[in-house]
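This report refers to the structure that appears directly beneath it.
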Amino acid sequence: MKTLAEYLDLAAKTHGHLCAGQVLGVRLAMLGLRELGIDDPIAERKRLVTYVEIDRCVTDAVAVVANCRLGKRALKFRDWGKVAATFVDLQTGRAVRVAARESSKQAAREMFPQLEKEAGQQKAYAQLSDEILFDKQWVKVEVQPEDLPGFKGPRVVCAQCGEGINFKREVTRDGRTLCRACAGEKYYEHLD
């Protein structure tokens, strides 16, 4: 595993800048990987699936450390608004969920009261112990075959819009195969 400084440098390059969320995300992912005994996530990239629970700076840092990407199917996003990630070792079946403690912000303020909030958090998050920053718990995650990196499954076509659907994400309604949008789960609205 790289050092904290090396990961922070990579995270800043990938994210575009260094911020408190990047520092917290790097530390969170380093803890998760250490708990699973994964020292080189690049060499063992198909061994790990990571679930993140927020779409903020933290997630970019987690992706850098855990070497997981949406496009490689090793990063899964759950929109729960929490600074947390679950690391699943596909080789052993073990999984650990690491969540930032709400009290970590106050610990940062107390550690560096003279600094502006962002600067104080960056500095504190790099130095505070894992026990002060995070809660961790061993969990069970059943990763379905269609959610695994490298899964090659059947592709079906939506009976209504004609678009292709991968990875068993189709819905069957009244005997028709539909994409989720045509089944009523749209996040967009047609303008024509």
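The values are calculated or read from the model by the stated rules, or taken from the named source; none is laboratory data. In this text the structure is predicted, and so the values were computed from the model without any measurement. Virtual Cβ from ideal backbone geometry, glycine too; neighbours counted across all protein chains shown.
Any residue at all in the range 113-128 that is of a type in the set (Ser, Thr, Tyr), more than 25 Å from residue 45 (Cα to Cα) and free of Cβ contacts under 8 Å to residues at least 24 places away in the same chain?
No.
Looking at the range 15-43, which of its residues are assigned to a loop (DSSP other than H, G, I, E, B), under 16 Å from residue 88 (Cβ atoms) and out of contact with any strand residue (DSSP E or B) (no Cβ under 7 Å at 6 or more places or on another chain)?
Scanning the range 15-43 gives a single hit, 37.
If residue 7 passes every condition in (1) farther than 21 Å from residue 128 by Cα; (2) surrounded by 14 or more Cβ atoms within 10 Å (Cβ to Cβ); (3) among the hydroxyl-bearing types (Ser, Thr, Tyr) but one, which one does it miss?
The single condition residue 7 does not satisfy is (1).
Just checking, how many residues over the range 119-134 are of a type in the set (Asp, Glu) and surrounded by 12 or more Cβ atoms within 10 Å (Cβ to Cβ)?
1
Please work out which residue is surrounded by the most Cβ atoms within 10 Å (Cβ to Cβ), limiting yourself to the range 151-192 and to residues that are polar (S, T, N, Q) and over 26 Å from residue 72 (Cα atoms).
Going through the qualifying residues, I end up with 177.
Quick test for you: out of 69, 176, 155, 180, pick the one residue that is in contact with a Leu (Cβ under 7 Å, 6 or more places away or on another chain), of a type in the set (Lys, Arg) and either farther than 19 Å from residue 28 by Cα or free of Cβ contacts under 8 Å to residues at least 60 places away in the same chain (or both).
69
Restricting to the range 83-119, and then to whatever is within 18 Å of residue 49 (Cα to Cα) and among the charged types (D, E, K, R), can you tell me which residue is farthest from the chain's Cα centre (by Cα)? Even if it seems obvious, please write down each step before you answer.
Initially, the range 83-119 is screened for residues within 18 Å of residue 49 (Cα to Cα), giving 83-99.
Restricting the remaining residues to those that are among the charged types (D, E, K, R) gives 89, 94, 97.
Numbers: 89: 14, 94: 17, 97: 11 Å.
Filtering the range 83-119 for residues that are within 18 Å of residue 49 (Cα to Cα) and among the charged types (D, E, K, R), the one farthest from the chain's Cα centre (by Cα) comes out as 94.
Return only the number of the condition from (1) of a type outside the set (Ser, Thr, Tyr); (2) surrounded by 13 or more Cβ atoms within 10 Å (Cβ to Cβ); (3) assigned by TED's automatic domain parsing to the domain that holds residue 36; (4) within 20 Å of the chain's Cα centre (by Cα) that residue 137 does not satisfy.
(2)
Would you mind listing the strands (runs of 3 or more DSSP E) fully within the range 113-192 where at least 2 residues are in contact with a helix residue (DSSP H, G or I) (Cβ under 8 Å, 6 or more places away or on another chain), under 25 Å from residue 95 (Cα atoms) and not small (Gly, Ala, Ser)?
Result: 134-139.
With the requirement that a residue be surrounded by fewer than 20 Cβ atoms within 10 Å (Cβ to Cβ) and not aromatic (Phe, Trp, Tyr), what does the range 66-81 give you?
69, 70, 71, 72, 73, 76, 78, 79, 81
Given 20, 12, 43, 63, which one is over 16 Å from residue 134 (Cα atoms), buried (at least 20 other Cβ atoms within 10 Å of the Cβ) and of a type in the set (Gly, Ala, Ser)?
Exactly one residue qualifies, and that residue is 63.
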